[in-house]
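A quick write-up on the structure given underneath.
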2 protein chains.
Amino acid sequence: MLDKSHKHVSCATCGARKDSHFGSFCDHDVELTNEQKTCAYFKKGQAIFVEGSFPRGVYCLNQGKVKVFTRGDEGKEQIIHIAKEGEIIGFRAMFSGEAYKVSALTLEECNICYIAKDDFLNMIDTNPTLRNGIMKELSKELGDRAVFITNMAQKSVRERLAFALLILGDIYGDEQINLTREDMANFVGTATETLIRLLKDFKDEGIIEIHTRKLEILDQEKLIHLAGK
Amino acid sequence: MLDKSHKHVSCATCGARKDSHFGSFCDHDVELTNEQKTCAYFKKGQAIFVEGSFPRGVYCLNQGKVKVFTRGDEGKEQIIHIAKEGEIIGFRAMFSGEAYKVSALTLEECNICYIAKDDFLNMIDTNPTLRNGIMKELSKELGDRAVFITNMAQKSVRERLAFALLILGDIYGDEQINLTREDMANFVGTATETLIRLLKDFKDEGIIEIHTRKLEILDQEKLIHLAGK
DNA sequence: TAAAAAAAATGATTTTAATCACCTTTCAAT
DNA sequence: ATTGAAAGGTGATTAAAATCATTTTTTTTA
């Protein structure tokens, strides 16, 4: 169980910071950011921001994972991204000046810090390293989504699942993949039933092991091969 | 037929500039850019850059339209974007430091200017208005692609075609939409035969008029309704 | 710890859209 | 102006995956 107090996370000691966009900050900037940010505990399944509303700041994940998704016509979720410790989320809509086109919801208990819009934009204006890092991320994401769109259009569900498992394996690192079947289906872009059947196939083929809700990748090479280009 | 000389386009008189990212440039910067850029004539169907190669500069469209696409496993194109006069293309991979994840190919005769990487990055570093405009575009595109992914996952081909026609109508403005059926199918993410059949349905329903290759939108409201959210 | 709710799993059926095979029209080049 | 190639179009068939209906298992909470 995570500490639920709102002040316990300090930027100077934040474990997620060193590999984040704030990793290159000097001590002075770290301290300034520490004073600007507020920190909050989120329980599992809690909304961070919702599609259609307007951003007033950005969220920096200290602990825990978050799903970022849109809802289609009939309210069905399409998961666009799963963010993990160290990621900043919600800055896209801030730059574009639009309402959020996605929602963000915690997948587990999280500690999340908040930096107000003006403070963050000021950082971007004055810190070229941060700015270039953010531009690089925006650009990289854009390329990834082009590939994602192509996959949706041209690959079978089986191929897309292999691709998705590789991405999820990356996000979860040493931990086992831990998502509901429904969330996983909404990430792959398929029906829950179809996903369940395909997971079983993968298990029968020795590609993954299923520990109830948690998935373990046994044969990454095979997944790479299955996923194609 | 466009002028094919390589020097005829001047930034100062470029008709596409005022609504572009360079629209806010002062006279001095316009002149500097004019000296930095080179200009080239491209005939229809010519490649501007190709997936997998590394960017050495950006391309600014003075005249003509360009398709931006990826190729899936079997070489089938997925059109991600259709760029028109005034747009800058190819800067994503420059910021991300990766190889191009997309290719760009002219859809008609084009005049296209080229600005070398260092010159462009220097502009970005020193001109906050340009920089913010680019960041805004990156961010907006990212949101649009999230919606696109959701559409691919959840909408029928008919709905996606309606959506695509609205986007194309926007891009082509007063002109009629002018794409091969194959390109249109590769934009919608469907088979050419399916697209042809659906276009005929739309025609029978009085939504569009087909003038051989060119399409005219008759009932935009109906398209909006069909496309859904 | 028992009951209720949520998630996972399975089978049968239907639907959508892809694929295949072929014909016609349009366009570009000689 | 002719001809060949590219693009557009049509019908029949197949295949992939969605949907629907239920059952089983796991998790949560009263």
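Tabulated data
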| read-out | value |
| --- | --- |
| Computed label-point distance, nm, for sites residue A:174 and residue B:117 using a 7 Å Cα→Cβ extension | 3.7 |
| Within chain B, longest stretch free of exposed GluC sites (Glu not before Pro) [DSSP loop, at most 12 other beta carbons within 10 Å] | B:75-174 |
| Trypsin sites (Lys or Arg not before Pro) within the stretch A:20-121: DSSP coil, no more than 14 neighbouring Cβ in 10 Å | A:43, A:44, A:56 |
| Cα-based Lys pair tally, the stretch B:1-130, threshold under 18 Å, eight or more apart or on separate chains | 22 |
| For residue A:204, label point 7 Å along C-beta direction: distances to other copies, nm | 4.1 |
| Accessible area of chain B belonging to carbon and sulfur atoms, whole % at 1.4 Å probe | 51 |
| Positive-end residue, the protein assembly as shown charge dipole about Cα centroid, Cβ charges, pick of B:188, A:206, A:161 | A:206 |
| Shortest-first nm distances, residue A:74 label point to equivalent points in other copies (7 Å, Cα→Cβ) | 2.8 |
| Anchor residue A:200: lysines whose Cα lies under 16 Å away (excluding residues fewer than 8 positions away in-chain) | A:214, A:222 |
| From phi via Karplus (6.51, -1.76, 1.60), per-residue ³J(HN,Hα) for the stretch B:144-160 in Hz, x at Gly/Pro | 4, 6, 4, 5, 4, 4, 4, 4, 4, 7, 10, 8, 6, 4, 4, 5, 5 |
| Radius 10 Å from Cβ of residue A:16, net charge of other residues (Lys, Arg +1; Asp, Glu -1) | 0 |
| Cut-off 14 Å between beta-carbons: net charge of the residues surrounding residue A:131, Lys and Arg +1, Asp and Glu -1 | -1 |
| Length released on extending from residue B:108 to residue B:18, taking residue separation times 0.36 nm less the Cα-Cα span | 30.2 nm |
| Percent RCO, i.e. relative contact order, over the stretch A:151-227, from Cα pairs under 8 Å lying at least 6 residues apart | 37 |
| Heavy-atom accessible area per residue - the stretch A:10-143, 1.4 Å, Å² | 42 |
| DSSP-assigned coil residues among trypsin sites (Lys or Arg not before Pro) in the stretch A:130-227, each with at most 15 further Cβ atoms within 10 Å | A:213 |
| Potential extension, residue B:125-residue B:210 segment - 0.36 nm per residue separation minus Cα distance | 25.9 nm |
| Heavy-atom accessible area, 1.4 Å probe, ligands and nucleic acids excluded: residues of the stretch B:141-168 down by at least 40 Å² from chain alone | B:142, B:145, B:146, B:149, B:150, B:152, B:153, B:154 |
| Accessible surface, the stretch A:151-227, averaged per residue in Å² (probe 1.4 Å) | 49 |
| Accessible surface buried upon B-A contact (total; probe 1.4 Å; Å², nearest 100) | 3800 |
| Residue mean of other protein chain beta carbons inside 10 Å, B:120-131 | 1 |
| 1.4 Å probe, heavy atoms, protein only - residues of the stretch A:75-97 losing at least 10 Å² accessible area vs chain alone | A:76, A:78, A:80, A:92, A:95, A:96 |
| Averaged over A:207-216, number of beta-carbon atoms from partner chains that fall within 10 Å | 0 |
| Contact order normalised by residue count of the stretch A:1-130, Cα under 8 Å, 6+ apart, percent | 34 |
| Neighbouring partner chain Cβ atoms per residue of A:63-73, average, 10 Å criterion | 3 |
| Magnitude of the charge dipole, the stretch A:151-227, Cβ model with Lys/Arg +1 and Asp/Glu -1, debye to 20 | 300 |
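The values are calculated or read from the model by the stated rules, or taken from the named source; none is laboratory data. Small disclaimer: the values here were computed from a predicted structure and weren't measured. Neighbour counts are summed over all protein chains in view; Cβ atoms, including those assigned to glycine, are modelled from backbone coordinates with ideal geometry. SASA here: full protein model, heavy atoms, side chains in, ligands and nucleic acids out. Shrake-Rupley method; radii C 1.70, N 1.55, O 1.52, S 1.80 Å.
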